[in-house]
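Chemist: Following this message is one structure expressed as structure tokens.
The values are calculated or read from the model by the stated rules, or taken from the named source; none is laboratory data. Computed from a predicted structure; not experimentally measured. A quick note on method: Cβ atoms are made from the backbone with ideal geometry, for glycine too, and the neighbour counts reach across all protein chains shown. Just so you know, the surface numbers come from the protein's heavy atoms only, side chains and all, with ligands and any DNA or RNA stripped out. Shrake-Rupley method; radii C 1.70, N 1.55, O 1.52, S 1.80 Å.
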There are 2 protein chains.
Amino acid sequence: MRRSSEDTKASILGAARERFAADGYDRTTIRAIAADAAIDPSMVMRYFGNKEKLFAAAADFDLHLPDLSGVPEDRIGATLAAHFVERWEADEALMVLLRTAVTNEDVAGRMREIFASQLGPLAVKLSGDPATAARRAGLVATQMLGLALCRYVLRLPPVVEMTHQDVVGWLGPTLQRYLVGRDG
Amino acid sequence: MRRSSEDTKASILGAARERFAADGYDRTTIRAIAADAAIDPSMVMRYFGNKEKLFAAAADFDLHLPDLSGVPEDRIGATLAAHFVERWEADEALMVLLRTAVTNEDVAGRMREIFASQLGPLAVKLSGDPATAARRAGLVATQMLGLALCRYVLRLPPVVEMTHQDVVGWLGPTLQRYLVGRDG
DNA sequence: AGTGTAGGCCAACGCCTGTTGACTTCGACA
DNA sequence: TGTCGAAGTCAACAGGCGTTGGCCTACACT
């Protein structure tokens, strides 16, 4: 039995996600992805056009921020911290983005857009202060992306060793203050 | 007048630092560095052996953590936050490291070592608790590297727009809690 | 059974990279 | 003034990359 077009496409996409997540855009080669998918490199071009479009398909992403309306106000930081860790570990999409955004201006722009459009509105709603909401969202980003960087990319041992509970316990109050606390 | 060996070497090193900081290891080419230094690519090899050794020379780095013994205990977080921002903006060394560590395991290891050996002892001294010191140092790293990532690499607008004072005001209390606060 | 087509393979292209070694030129010193 | 080493150039290499187009081949349908 020969594979269907959709099967092959999915298999390429899966291999691409793994490679991009592990190595970033530049170090990932079409040839390596093709080898992982047990396919000829030219098939990758046939299905995705070129490397950039393949990356775009592999990095398609949504933060899936939870609805916080039912959460007690003093648990917002903790809830958000827990969500971020889970979202980060759920699949490789954020890893793909982060590993590439660092050396690719287009992808960095995409990351800016994701955080502005998904975290921004949340900050407006929670802080009730549109004037400082963007800054509050930015601060949350510094802490959460910093955690991701140290835990999943640089793998600093003390950060890797933290349990989900540890993360929530330490970072929750930080996010809480950034989002709904008084100005710094 | 022909340039001296030292002049050329320094000029190559300067160009290398700029390129590595702006583009990361992979996207930086020996040829581009040589062009910036107005020199033939083969001179780079003559003086530094190969690309890896050139990178090692360009990424030589010290956090230069300040002596905090004269600082009032409740100002430690703010002092450290201010120091980090200034250190980061003083030269390109941290940028070189960060941009490359994300896709290069050796450099990531070097970053681990830098934070463990320079931030670790500080945490021991400040928290007075060797058992949790490593974790505290790790938490500080998540916040400071996250700030650097968002401010200098991803350039999230709200984070870029913060003044040094803003950074100290918001992140100071976070670092304070991570270093000398009660457990999370 | 014959045939069209979609899925797949192969070989090659042009380009760019790090790296090498032979060659040239300048300047200090005898 | 001649010479010798250091500073710098030049051209080429081998290998990897994204990408292309022509070819094959198994299957579904008539």
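Chemist: Helix B:5-27 against the longest principal axis of chain B: what's the angle in degrees, Cα atoms only, rounded to the nearest 10?
Modeler: 60 degrees
Chemist: To the nearest 0.05, what FRET efficiency results for B:Val71 and B:Asp91 with a Förster distance of 25 Å applied to their C-beta separation?
Modeler: Working: r = 24 Å, r/R0 = 0.96.
According to the calculation, E is roughly 0.55.
Chemist: Whole-Hz Karplus ³J(HN,Hα) for the stretch A:143-159, in order, using 6.51 cos²θ - 1.76 cosθ + 1.60 and θ = phi - 60°, x for Gly and Pro?
Modeler: Whole-Hz 3J(HN,Hα) from phi for the stretch A:143-159: 6, 6, 5, x, 4, 4, 4, 6, 8, 9, 9, 7, 6, 5, x, x, 7.
Chemist: Based on DSSP loop calls and a cut-off of at most 15 other Cβ atoms within 10 Å, the longest stretch of chain B free of exposed trypsin sites (Lys or Arg not before Pro) is what? Let's see the in-between values first.
Modeler: Details: sites that count: B:Arg2, B:Arg3, B:Arg155, B:Arg182.
Value returned for the longest uninterrupted segment is B:4-154.
Chemist: Where a Cα-Cα gap under 19 Å defines reach, which aspartates and glutamates qualify for B:Lys9, not counting those fewer than 8 residues away within the same chain?
Modeler: B:Glu18, B:Asp36, B:Asp40, B:Glu52, B:Asp60, B:Asp91, B:Glu92
Chemist: Further question: Out of the total accessible area of the stretch B:29-95 (probe 1.4 Å, heavy atoms of protein only), what percent is carbon and sulfur?
Modeler: On the way: 1710 of 3480 Å².
Within the stretch B:29-95, the accessible surface is 49 percent carbon and sulfur.
Chemist: Label position 7 Å from Cα toward Cβ: report the copy-to-copy distances for A:Pro41 in nm, one decimal, ordered from shortest.
Modeler: For A:Pro41, the other copies' label points sit at 2.0 nm, shortest first.
Chemist: Could you work out the local net charge near A:Leu13, counting Lys and Arg as +1, Asp and Glu as -1, over the other residues with Cβ closer than 15 Å to its Cβ? Please report the intermediate quantities before stating the final value.
Modeler: Values: positive: A:Arg3, A:Lys9, A:Arg17, A:Arg19, A:Arg46, A:Lys51, A:Lys53; negative: A:Glu6, A:Asp7, A:Glu18, A:Asp36, A:Glu52, A:Asp60, A:Asp91, A:Glu92.
Spelling it out: positives minus negatives among the neighbours equals -1.
Chemist: Another question, then. Quick one: accessible area per residue over the stretch B:1-113, 1.4 Å probe, rounded to a whole number of Å²? Show your work: numbers first, answer last.
Modeler: On the way: 5780 Å² over 113 residues.
Using a 1.4 Å probe on heavy atoms only, each residue of the stretch B:1-113 averages 51 Å².
Chemist: Closest to the A-onto-B rotation axis, which residue of chain A has its Cβ, and how many Å off the axis is it?
Modeler: A:Gly146, 1
Chemist: Put a label point 7 Å from Cα along the Cβ direction on A:Glu105, then list its distances to the equivalent points in the other copies in nm, shortest first.
Modeler: Here the equivalent label points are 3.2 nm apart from this one.
Chemist: Separate question: The stretch A:5-58: percent of C-alpha pairs farther apart than 16 Å?
Modeler: Details: 343 of 1431 pairs.
Of the Cα pairs, 24 percent sit more than 16 Å apart.
Chemist: Got a number for the accessible area of B:Phe84? Probe 1.4 Å, square angstrom, nearest 10.
Modeler: Surface open to solvent at B:Phe84 totals about 10 Å².
Chemist: Taking the stretch A:74-142, which GluC sites (Glu not before Pro) meet the DSSP loop condition and have no more than 14 other C-beta atoms within 10 Å? Before the final figure, lay out each step's value.
Modeler: Working: sites: A:Glu86, A:Glu89, A:Glu92, A:Glu105, A:Glu113; in loops: A:Glu92.
Here no GluC sites (Glu not before Pro) fit, given the DSSP loop and packing criteria.
Chemist: Now, a different point. Just by accessible area at a 1.4 angstrom probe, what is the order of A:Ile30, B:Ile33 from largest to smallest? The partial results should precede the final answer.
Modeler: On the way: A:Ile30 30, B:Ile33 0 Å².
These residues rank, largest area first, as A:Ile30, B:Ile33.
Chemist: Follow-up question, since we're still on this one. When Lys and Arg each count +1 and Asp and Glu each count -1, what net charge do the other residues less than 11 Å away from B:Leu122, Cβ to Cβ, add up to? Intermediate values should be presented prior to the final figure.
Modeler: On the way: positive: B:Lys125, B:Arg136; negative: B:Asp67.
Here the charged neighbours net out to +1.
Chemist: With everything on Cα atoms, drop me the angle between helix A:164-180 and the longest principal axis of chain A, reported from 0 to 90° to the nearest 10.
Modeler: Taking Cα atoms only, the helix is inclined about 60 degrees.
Chemist: Please state the shape class of chain A: rounded when a/c is under 1.5, otherwise prolate if a/b exceeds b/c and oblate if not, all from the C-alpha gyration tensor.
Modeler: Details: a/c = 2.43, a/b = 2.10, b/c = 1.15.
The shape class here is prolate.
Chemist: Note the distances from B:Gln165 to each other copy's matching label point, with points 7 Å along the Cα-to-beta-carbon direction, in nm, sorted shortest first.
Modeler: Label-point separations across copies, in nm and ascending: 4.3.
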